[in-house]
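Here the structure is laid out as structure tokens; the discussion comes afterwards.
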Amino acid sequence: MSVRPAEQRFLDPAVVARIASLELKARTVVEGFLSGLHRSPFQGFSVEFAEYRQYLPGDDLSTMDWKVYARTDRHYVKKYEEETNLRGHLLLDVSGSMAYGSGAMTKLEYGSCLAASLAYLMQRQRDAAGLTTFDHEVRTVLPPSIRPGHLRALLVTLDRLQPGSTTDAGRPLHQLADAISRRSMVIVISDLLDDPARVVDGLKHLRFRGNDVLVFQLLDHAERTFPFESAVKFKDLETGEEIPTSPNAVRADYLHAVEDLIETYRRDLRVAGIDYQLVDTSEPLDAALLSYLAVRGRRG
Amino acid sequence: MGLGFLSPLFLAGLAAAAIPILLHLFRRQADPVVPFGAVRLLRRTPVEQAQRKRLREWILLALRTAALVLLALSFARPYVAARTAAATGPLTIVAVDASYSLSAPGQMDRARELARAAIDGAQPGAVALVRFDNSADVIVPPSADRAAARSAAAAIAPGEGGTSYARLIARAVELAEHRNTELVVVTDLQQAGWNIGDEVPPIADMRVTVREVPAARGNLSIADLDAADGRAVVRLRSSYSDGRDATVQLAVDERPFEQRRVKIAAGATADVVFERKLPPKGALEAAVQDDEGFAADNRRYLVLDPVARTRILIVTGPGGGSRDALYFQRAVAAVEGDAGLEVTTVSSDRVAADDAALQDAAAIVVVGTTGLDRRALDAIASAVDGGRSILIAAGPSVELERLTAALTPDLRVRRAEDADPSVTLAPVDVRHPVFAAFGVDAGLLGSATFRRYARIEGGNPRILAKFSSGAPALVEIPRGRGRVLLFTTDLSNHWNDLVLHPAFVPLAHDLARYLAGAAASPRSVRVGELPGPDATKAGIISRTNGGKAPERIAVNVDARESDPGRMTADAFVAVIPRARVGAQPGAVTADVRRQEAEQSLWRYGLALMLVGLVLESVVGRRG
């Protein structure tokens, strides 16, 4: 399913990239996506949810919904995370390889935008979103929360992300698997340019702990097609190593390696019951959002 | 053998070969650095990519450099200097006289010894061997291979040709070009080898030395063979220092005919007249035995076959018109005699009736037209169109306008007018065959005075002679396959006194020969004068002439070669003209150009360059 063209432009990475604020990016992406969904024949997603209870003395006045009071002259407070349906953990790879981008956005920017959009979407659905960034170790952790200021804090964190160092997703995944106490939805956003065995092992650990795991593998279009012609020196963004290469001489083998890697993840994660989505950072974000909603929908 | 260049200046282009080297050095550090996220996957590709890239770069450098080098070399026009020629080194030309005056016993052996010694003693450099008689042939081209020259010199044998030193010198000058050359002439220094009228090219710095072959002790030769009153006359010549008895034998068609024994005194010439009447046709051979002298001049040949005479028809006016033809007819007969051109006359009123007379004539002379009707004019025009030549001589009996209107319509003729004062005649081009007899004495024609002549205009004829007034006197106009000659005055002592001057006879004869063309074939030639291997030896040969039946021709040696007269070596060298032309340093010789043209190495160079560029393109794209 795809959204209508008018809304798709809000999901076009080239357009999104021009929006300065990540919060605004996320809002633009999500609103555009949702308005497209509303006009589509596709049904089945629950996207609007609001739950209140009457104000009791002692409640935190910051949770008062003043709009409801203005309309009804009654005091109501909003429900918080212990009363939501889902806890979502957004795991974002910030290793050096994520800093690569041949188009409008780097993988990290795309990943950040995707994470922000998902967090925004979660908030609209009264799901709690948390953020963890990692490279070869966990860098930042924002536990899932539905507090009003939490999304802003999450977006600010995303907006200020800088690429880290080398990749070793296995260790942080295992750490997170041990740290997540409640059954949650874990969304991994990474290029997965790592040892597939270690990565899959870590993801399986998360799955084994009862979590729903959704993996978005972000790859730049150039990483998928290797469009280079003349001789260049490729510089590893994580190690700084420079490799002089004749692209025409290595193209076939490289593409074969890329497809092998993708197929390995696709196969091994499917076997493990983990949802996997390959995302080309030159393509709109709607496919990623739809995948999330599909998985979210299975949970009810 | 070495590599030479026809245009060495282009070798400066080799400097361009440094360009790819410099670019290679600069570009090696200039590969762009591209940050890439999936370098981990690149590491899985074949490890030798860096080594392969370096190898590819070296290959590309070599191909590009080679392409530029080949381009520069190709433009410089390289050639491999063959063993047969050192383009600028010293040259010794050993020329061996192989005329028949070296055919006496022992002479040629001595000549070969002298030639071998000349080859062995030649200056360092190339040696060439030339065999000469009435022509000069290069037996061994300039080469460092002296063994080949020695071997060829040992095989030289005398022929039956005479001696032509002029042809030898011309050949030597051709071989020497701009090189430091010595010409060694092995010869018997026969005086008859230099002929008056020979064109001898000047030699520049060529040194000429003579190795003299001693003359024969003596010689008995048949200097001439003729048939007079049906009987053979043999002229014997002896250069012996004592009297000799000789038997002269005659054969007709290779069958013995008669022989006579004669005594001939030392150094004398004797005519031997044979009594028996010769047959009307056949091939006559006279031979004399002479074991000590030259062999080639012991025989002589004469063809007895009757000659079909070439006929010239003079068209005269009726009645007394024969006077108009008288002078011309007698002038031609005086030179041609009974065997050459035959001049007959026909009255103009009988031309139409006697069509056969026109058909049988090789040429026509018109001196009278009275009674020449339309049919006759058409017949004459048709004869000219068919290839015959016609001479129209203006005169009181010639209706010039009517005749030229029929034969040369583009030519406008005005009535003859008196010339006041009288004019004289001068050739426009003395090289024209009608003035062949005059040569440098063409001024003799100016002794005649012309009182009256016809004026002509238009037609664009070729003017052969003019009057002193500037008016055309003799013109030539092609028509069909023949030609029309128009003499604007008469040949009959009416309008001028030409026929009374000595110049008239040779002029009339040359006019007649020119009109008749090459109708008469030679009956006797010298060895080498006619093409074909059968004309290189004395004997009887057969030739056809213009579609006619084959005719026999006697080939005889040049009797002058039997002349015992000798010159000194100094006199020989002194006769050779010298030009003050120094060698031009750096000049490219014709021999070098010939070598380069034969080898055309530049084509291979360009082809290799193209192949290299294609490879460079393929290897470059693979990167």
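Just to be sure I understand, how many residues within region B:368-387 are out of contact with any helix residue (DSSP H, G or I) (no Cβ under 8 Å at 6 or more places or on another chain) and exposed (fewer than 13 other Cβ atoms within 10 Å of the Cβ)?
4
Tell me, please, whether a residue that is under 21 Å from B:Ser524 (Cα atoms), open to solvent by less than 20 Å² (accessible area, probe 1.4 Å) and either small (Gly, Ala, Ser) or outside any strand (DSSP E or B) (or both) can be found in region B:253-263.
No: region B:253-263 contains no residue that is under 21 Å from B:Ser524 (Cα atoms), open to solvent by less than 20 Å² (accessible area, probe 1.4 Å) and either small (Gly, Ala, Ser) or outside any strand (DSSP E or B) (or both).
Given (1) modelled with pLDDT under 85; (2) among the charged types (D, E, K, R); (3) open to solvent by 70 Å² or more (accessible area, probe 1.4 Å), identify the lone condition not met by B:Arg299.
(1)
Out of B:Val614, B:Val555, B:Val581, B:Val588, I need the residue that is outside any helix (DSSP H, G or I), of a type in the set (A, V, I, L, M) and modelled with pLDDT of 90 or more. Which one?
On the way: B:Val614 fails: outside any helix (DSSP H, G or I); B:Val581 fails: modelled with pLDDT of 90 or more; B:Val588 fails: modelled with pLDDT of 90 or more.
So the residue among B:Val614, B:Val555, B:Val581, B:Val588 that is outside any helix (DSSP H, G or I), of a type in the set (A, V, I, L, M) and modelled with pLDDT of 90 or more is B:Val555.
Can you say whether A:Asp280 is under 22 Å from B:Phe36 (Cα atoms), within 14 Å of another protein chain (Cβ to nearest Cβ) and buried (at least 19 other Cβ atoms within 10 Å of the Cβ), as far as the supplied structure shows?
Criteria not met by A:Asp280.
What are the residue pairs meeting all of these: first residue in region B:595-623, first residue more than 14 Å from chain A (Cβ to nearest Cβ), second residue of a type in the set (Val, Ile, Thr), Cβ atoms under 7 Å, and 6 or more apart or on different chains?
Within 7 Å, the pairs are B:Gln599/B:Val80.
Quick one: how many residues across region A:248-264 are more than 8 Å from every other protein chain (Cβ to nearest Cβ) and either open to solvent by 20 Å² or more (accessible area, probe 1.4 Å) or at pLDDT below 90 (or both)?
First, pick out the residues of region A:248-264 that are more than 8 Å from every other protein chain (Cβ to nearest Cβ): A:251-252, A:255-256, A:259-260, A:262-264.
Those left that are additionally either open to solvent by 20 Å² or more (accessible area, probe 1.4 Å) or at pLDDT below 90 (or both): A:251-252, A:255-256, A:259-260, A:263-264.
Counting residues in region A:248-264 that are more than 8 Å from every other protein chain (Cβ to nearest Cβ) and either open to solvent by 20 Å² or more (accessible area, probe 1.4 Å) or at pLDDT below 90 (or both) gives 8.
Please find, among A:Arg224, A:Arg160, the residue that is in contact (Cβ under 8 Å) with a residue 12 or more places away in the chain, of a type in the set (D, E, K, R) and open to solvent by 20 Å² or more (accessible area, probe 1.4 Å).
A:Arg224
Yes/no matrix, rows are residues, columns are (1) at pLDDT 90 or above; (2) of a type outside the set (Ser, Thr, Tyr); (3) more than 30 Å from B:Asp133 (Cα to Cα):
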site	(1), (2), (3)
B:Gly458	no, yes, yes
B:Ser468	yes, no, yes
B:Leu485	yes, yes, yes
B:Leu491	yes, yes, yes
B:Ala518	no, yes, no
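Name the pairs: first residue in region B:30-48 and more than 7 Å from chain A (Cβ to nearest Cβ), second residue modelled with pLDDT of 80 or more and surrounded by fewer than 19 Cβ atoms within 10 Å (Cβ to Cβ), Cβ to Cβ under 8 Å, at least 6 apart or on different chains?
Within 8 Å, the pairs are B:Arg43/A:Ile243.
Would you mind finding the one in B:Arg116, B:Arg146, B:Arg77 that is at pLDDT 95 or above and open to solvent by 20 Å² or more (accessible area, probe 1.4 Å)? Full working, then the answer.
Numbers: B:Arg146 fails: at pLDDT 95 or above; B:Arg77 fails: at pLDDT 95 or above.
Result of the check over B:Arg116, B:Arg146, B:Arg77: B:Arg116.
Check region A:285-295 and report whether any residue there is at negative phi, touching a helix residue (DSSP H, G or I) at 6+ places or on another chain (Cβ under 9 Å), facing chain B (nearest Cβ under 9 Å) and not in a helix (DSSP H, G or I).
Here is the first cut: in region A:285-295, the ones at negative phi are A:285-295.
Filter once more, keeping what is touching a helix residue (DSSP H, G or I) at 6+ places or on another chain (Cβ under 9 Å): A:285-286, A:288-290, A:292-293.
If we keep only those that are facing chain B (nearest Cβ under 9 Å) as well, we get none.
So far as region A:285-295 goes, no, none of its residues is at negative phi, touching a helix residue (DSSP H, G or I) at 6+ places or on another chain (Cβ under 9 Å), facing chain B (nearest Cβ under 9 Å) and not in a helix (DSSP H, G or I).
Filter region B:176-199 down to residues that are at pLDDT below 90, surrounded by 17 or more Cβ atoms within 10 Å (Cβ to Cβ) and farther than 17 Å from B:Ser101 by Cα, then give me how many there are.
4
Could you look through region A:229-242, keep only residues that are closer than 22 Å to A:Pro163 by Cβ and open to solvent by 20 Å² or more (accessible area, probe 1.4 Å), and pick out the one that is farthest from the other protein chains (Cβ to nearest Cβ)? Reasoning before the result, please.
Taking region A:229-242 first, the residues closer than 22 Å to A:Pro163 by Cβ are A:232-242.
This time we only want the ones that are open to solvent by 20 Å² or more (accessible area, probe 1.4 Å), so: A:233, A:235, A:237-242.
On the way: A:Lys233: 5, A:Lys235: 5, A:Leu237: 5, A:Glu238: 8, A:Thr239: 8, A:Gly240: 10, A:Glu241: 7, A:Glu242: 6 Å.
That would be A:Gly240.
Counting residues that are within 16 Å of the chain's Cα centre (by Cα) and among the β-branched types (Val, Ile, Thr), which helices (runs of 4 or more DSSP H) fully inside region A:136-236 reach at least 1?
A:148-159
Could you please find all residues in region B:485-498 being closer than 20 Å to B:Ala406 by Cβ and either more than 29 Å from the chain's Cα centre (by Cα) or open to solvent by 10 Å² or more (accessible area, probe 1.4 Å) (or both)?
Kept after step one, since they are closer than 20 Å to B:Ala406 by Cβ, are these residues of region B:485-498: B:485-488, B:490.
If the condition is that a residue be closer than 20 Å to B:Ala406 by Cβ and either more than 29 Å from the chain's Cα centre (by Cα) or open to solvent by 10 Å² or more (accessible area, probe 1.4 Å) (or both), then B:Leu486, B:Phe487, B:Thr488, B:Asp490 are the ones that fit.
Given the structure, is B:Ala270 modelled with pLDDT under 90, farther than 26 Å from B:Pro306 by Cβ and either crowded, with 17+ Cβ neighbours inside 10 Å or over 35 Å from the mean Cα position of the chain (by Cα) (or both)?
Numbers: modelled with pLDDT under 90: no; farther than 26 Å from B:Pro306 by Cβ: yes; either crowded, with 17+ Cβ neighbours inside 10 Å or over 35 Å from the mean Cα position of the chain (by Cα) (or both): yes.
In short, no.
May I ask you to say which residue of A:Asp168, A:Asp135, A:Asp127 is touching a helix residue (DSSP H, G or I) at 6+ places or on another chain (Cβ under 9 Å) and at pLDDT below 85? Quick ask: steps written out before the conclusion?
Values: A:Asp168 fails: at pLDDT below 85; A:Asp135 fails: at pLDDT below 85.
Being touching a helix residue (DSSP H, G or I) at 6+ places or on another chain (Cβ under 9 Å) and at pLDDT below 85 holds for just one of A:Asp168, A:Asp135, A:Asp127, which is A:Asp127.
Any idea which of (1) in contact with a helix residue (DSSP H, G or I) (Cβ under 6 Å, 6 or more places away or on another chain); (2) crowded, with 22+ Cβ neighbours inside 10 Å; (3) of a type in the set (Val, Ile, Thr) is the one B:Val210 doesn't satisfy?
So B:Val210 meets the others, but not (2).
Return only the number of the condition from (1) open to solvent by less than 10 Å² (accessible area, probe 1.4 Å); (2) touching a strand residue (DSSP E or B) at 6+ places or on another chain (Cβ under 6 Å); (3) away from every other protein chain (no Cβ under 14 Å) that A:Gly202 does not satisfy.
(2)
Kindly provide the set of residues from region B:430-456 that are at pLDDT below 90 and touching a strand residue (DSSP E or B) at 6+ places or on another chain (Cβ under 7 Å), ordered by number.
Answer for region B:430-456, where residues must be at pLDDT below 90 and touching a strand residue (DSSP E or B) at 6+ places or on another chain (Cβ under 7 Å): B:His432, B:Val434, B:Phe435, B:Ala442, B:Leu445, B:Gly446.
The values are calculated or read from the model by the stated rules, or taken from the named source; none is laboratory data. All values reported here derive from a predicted model rather than from experimental measurement. Ideal geometry is used to build each Cβ from the backbone, glycine not excepted, and the neighbour counts take in all protein chains shown. With ligands, DNA and RNA removed, areas are computed over all heavy atoms of the protein, side chains included. Shrake-Rupley method; radii C 1.70, N 1.55, O 1.52, S 1.80 Å.
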